[in-house]
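J.: Before we start, here is the structure in question, set down as structure tokens.
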Amino acid sequence: MRQFSFLVFLLATFTCVAAAVEPQKLNTEQAEEVESAAAVIVNLFEPRYPPLALTANVFGDVDLKLGIRKDGSVESAVVLSGHPLLRDAALNSARQSRFDCTACRDEVTFYSMVYSFQLVAGPDFPCSESHFRIVRSENRVTLIGEPRVVDPYFATFRVHSLKCIYLWKCGRHWAGLDEYFYPVRSAKCLDLWSCGHRLREPWARCKALHRDIW
């Protein structure tokens, strides 16, 4: 009987402690939300897509926690999560941005911020006039860029050549020929066979628009 009473006492004590801790946790989370709402970004230092991340087609979100002074400057910036190739770009933008913190009560107000790096091919890809655009919504900054065209056809390979009477491979052939061009009949051989070349898409479209391949 005494053991049963002791167990009931322990259970009641644990329930009371848990009930006291949970509101405290909720109050802390609510306080952080209020602090974030007190600071408002007024001048965003535009982020740049890291070249290495762009070449590797890396995208994703970077979560930051900022400490904002009353004068609107950034006192501290810490990365909570995000790809290593994207973190520095987000930190650099956040640290140089300005905030309105006139409603802040503390000397340093904590502010949650998310930088979203996305790669989306536009309608004129890969020869668009503009390859980046920024969309901002409250504490979320989205940088939308176009993926790079990865061209593996940059090498040459050995082929049989006239200079060695086609007995062995003594010449070289550009490996990107079939990627960029397709054979067509040409006047230089009286249109009797495909001795000419024509640009494939989208390179032909970019050339017509006088734009570089992205």
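Bear in mind that the values in this text are calculations on the coordinates, not laboratory data. Computed from a predicted model, the values in this text were never measured in an experiment. Please note: Cβ atoms are built from the backbone with ideal geometry, for glycine as well, and neighbour counts cover all protein chains shown.
J.: Long-range amide H contacts for Cys104: which residues qualify at under 5 Å (H placed 1.01 Å from N, peptide plane, sequence gap of 5 or more or a different chain)?
T.: For Cys104, no residues qualify.
J.: Run the numbers for Ile165 and Ala187: contour at 0.36 nm per residue of separation, minus the present Cα-Cα distance, in nm.
T.: Numbers: separation 22, 0.36 × 22 = 7.92 nm, distance 2.65 nm.
Here the segment from Ile165 to Ala187 would lengthen by 5.3 nm.
J.: First measure r as the distance between the Cβ atoms of Val78 and Arg133, then evaluate 1/(1 + (r/R0)^6) with R0 = 41 Å and state the FRET efficiency to the nearest 0.05.
T.: Working: r = 27 Å, r/R0 = 0.67.
Computed FRET efficiency for Val78 and Arg133: 0.90.
J.: Give the span of the range 47-157's Cα atoms along each principal axis, as three whole-Å numbers ordered largest to smallest.
T.: Extents along the principal axes: 67, 26, 17 Å.
J.: What is the gain in length, in nm to one decimal, between Thr142 and Ser112 on full extension, counting 0.36 nm per residue of separation less the C-alpha to C-alpha distance? Can you show the working numbers first?
T.: Working: separation 30, 0.36 × 30 = 10.80 nm, distance 1.47 nm.
Contour length minus Cα-Cα distance gives 9.3 nm.
J.: How many nm separate the modelled label positions at Gln96 and Val120, each set 7 Å beyond the Cα in the direction of the Cβ?
T.: For Gln96 paired with Val120, the spin-label model returns 2.5 nm.
J.: Skipping prolines and chain starts, which residues have an amide H placed within reach, meaning under 5 Å, of the one on Ile68, given they are 5 or more residues away or on another chain?
T.: Glu75, Thr109, Phe110, Tyr111
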